[in-house]
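A.B. asks: Right, I'll just put the structure down here and ask away after.
The values are calculated or read from the model by the stated rules, or taken from the named source; none is laboratory data. As the structure is a computational prediction, the values presented were derived from the model and not from experiment. Glycine gets a Cβ as well: all are built from the backbone with ideal geometry, and neighbour counts include every protein chain shown.
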Amino acid sequence: MSFNASPRAECGYPDSKVAARRGAALAFAAQGASVAAVYTTVPAVTERLGLAPLLTTALMVAVALTAGGGSFLGLVAIRRAGPVATMRGAMVAAAAALVLIGWAQDHATVICAYVLFGLAVGALDVGVNTRAAEIERAYGRSVFGSFYTAWSVGGVVAALLTAGAARWEWPVAGGLTLQAGIVLLLVSLLRTHALPAAQAPPDAGGQSSLGRRLWVRLIPFGLVLLVVYVVESTVSAWSAVYLRQTLTASLTVAPLAYAAYQAGTVIGRAAADRLVQTLGAVSVVRMAALLAAGALAALAAAPNWPFAVLAAGAVGLGASVLAPLCLASAARLSPTASEAVLARLNLFNYVGVVTGGALSGLLGSTGHFRLAYAVPAALVVLVPASARHFTRPSSPARRESLPRTR
């Protein structure tokens, strides 16, 4: 499959939008794969280096904290070089971090490697979401879900590769080096494609200053994103450890909960854009939140690892649509400065990751991993209260036709 646009595409024709969308999907897939590679190898890295449970928890928290800083580094890079160049650089840095994590021989090296990964994934996060917001504006309809589908597909593939490497008794260094190679392959396929001129709403220019009123309007999205990433962090960072320690699963089986979670997100996100067009964003958010809450409760009560794997898949199915719809709606608050909006909104993301990762790690280190999944279930029940703030994009053609019909 070629990702090069035709000469006409560079002038903003429809095939340029398609090529840009494919390129952004590659970057989302690379981010999902790299995050999954890190989280699903936590048990193996912990056992190989003899990391104490509290140090492992601290490392996961450090990844989230440095990702917050990386988000603002990404914002600076976008303003200087654009989102595509930012995505390329961040993907290369993430691949380097994967190799360093796998080959680290001491605690100091692995700490530095996880910090590098946090910075890289934070920069990549704001880069891919900014590019996705640009592409959605060019399309004039909901396409954010398709990008996060690519993210989840990357996560599923990486989690299965981790499980396969453990089954074949590969050292963790070999498995992470392979995953880094996949990320670099995706970098080599990434191209820059021109987009049609953004069709922002007439009042968008007045919001470009990002004043206090806009930040007040961001609060509901920030709170939803915080809860979503408490769930994401709890399942992603600790599901493998939960299966290994609480449900006595083998190293081969332990990554399967993460794989099932990401498989659920693939299904949910693949259907998200169509559901939004059919039912509206508000209804989709409410139904998804209730499904996620019930599945988290089932995960907390899982009697064995097969039940936990199924419950993790159901969590992914429900929680998967919340983040892309949240980011898309927030970006539409100020289309002319979406990269700044998304970078600041990402702070809620990383607060959620830190909260979920730290809480789950602390509870797990004291033998209470089940409670670590029951608490997020209660938080997700609160999400429907913010659903009314979610919006969906209107077609450019429809916007242009409205004045003429009056």
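A.B. asks: So is residue 91 among the aliphatic types (A, V, I, L, M) and more than 19 Å from residue 324 (Cβ to Cβ) or not?
C.D. replies: Numbers: among the aliphatic types (A, V, I, L, M): yes; more than 19 Å from residue 324 (Cβ to Cβ): yes.
Yes, satisfied.
A.B. asks: Additional query: Pick from 142, 152: which is surrounded by fewer than 24 Cβ atoms within 10 Å (Cβ to Cβ), among the hydroxyl-bearing types (Ser, Thr, Tyr) and farther than 18 Å from residue 63 by Cα?
C.D. replies: Values: 152 fails: surrounded by fewer than 24 Cβ atoms within 10 Å (Cβ to Cβ).
Every option except 142 fails the conditions.
A.B. asks: Separate question: Enumerate the helices (runs of 4 or more DSSP H) found wholly within the range 275-351, keeping only those where 3 or more residues are within 24 Å of residue 156 (Cβ to Cβ), among the small types (Gly, Ala, Ser) and in contact with a strand residue (DSSP E or B) (Cβ under 6 Å, 6 or more places away or on another chain).
C.D. replies: Details: elements: 281-300, 305-319, 322-331.
Those helices (runs of 4 or more DSSP H) do not exist here; none qualify.
A.B. asks: Within the range 98-119, does at least one residue satisfy the condition of being acidic (Asp, Glu) and in contact (Cβ under 8 Å) with a residue 60 or more places away in the chain? Please lay out each step first, then the result.
C.D. replies: Restricting attention to the range 98-119, the residues satisfying the condition of being acidic (Asp, Glu) are 106.
If we keep only those that are in contact (Cβ under 8 Å) with a residue 60 or more places away in the chain too, we end up with none.
No, the conditions are met nowhere in the range 98-119.
A.B. asks: Okay, moving on. Which pairs turn up if I take residues in the range 66-90 that are acidic (Asp, Glu) and look for partners that are surrounded by fewer than 19 Cβ atoms within 10 Å (Cβ to Cβ) with beta carbon separation below 9 Å, at least 6 apart in sequence or on another chain?
C.D. replies: Within 9 Å, no pair qualifies.
A.B. asks: Next up: Given 71, 142, which one is in contact with a Leu (Cβ under 9 Å, 6 or more places away or on another chain), under 20 Å from residue 29 (Cβ atoms) and not in a helix (DSSP H, G or I)?
C.D. replies: Result: 142 is the single residue among 71, 142 that is in contact with a Leu (Cβ under 9 Å, 6 or more places away or on another chain), under 20 Å from residue 29 (Cβ atoms) and not in a helix (DSSP H, G or I).
A.B. asks: Quickly run through the range 369-390 and pick out the residues that are of a type outside the set (A, V, I, L, M, F, W, C) and surrounded by fewer than 15 Cβ atoms within 10 Å (Cβ to Cβ).
C.D. replies: Initially, the range 369-390 is screened for residues of a type outside the set (A, V, I, L, M, F, W, C), giving 370, 373, 376, 384, 386, 388-389.
Of everything in the range 369-390, just one residue is of a type outside the set (A, V, I, L, M, F, W, C) and surrounded by fewer than 15 Cβ atoms within 10 Å (Cβ to Cβ), namely 388.
Results for (1) among the aliphatic types (A, V, I, L, M); (2) at pLDDT below 90, shown as yes or no for each residue.
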position: 48; (1), (2): no, no
position: 63; (1), (2): yes, yes
position: 78; (1), (2): yes, no
position: 91; (1), (2): yes, no
position: 99; (1), (2): yes, no
position: 109; (1), (2): no, no
position: 118; (1), (2): no, no
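A.B. asks: Could you say whether any residue in the range 364-378 is under 25 Å from residue 328 (Cβ atoms), assigned to a helix (DSSP H, G or I) and modelled with pLDDT under 70? Please lay out each step first, then the result.
C.D. replies: Taking the range 364-378 and keeping what is under 25 Å from residue 328 (Cβ atoms), we get 376.
With assigned to a helix (DSSP H, G or I) added as a condition, the list becomes 376.
Then drop every residue that is not modelled with pLDDT under 70, which leaves none.
No.
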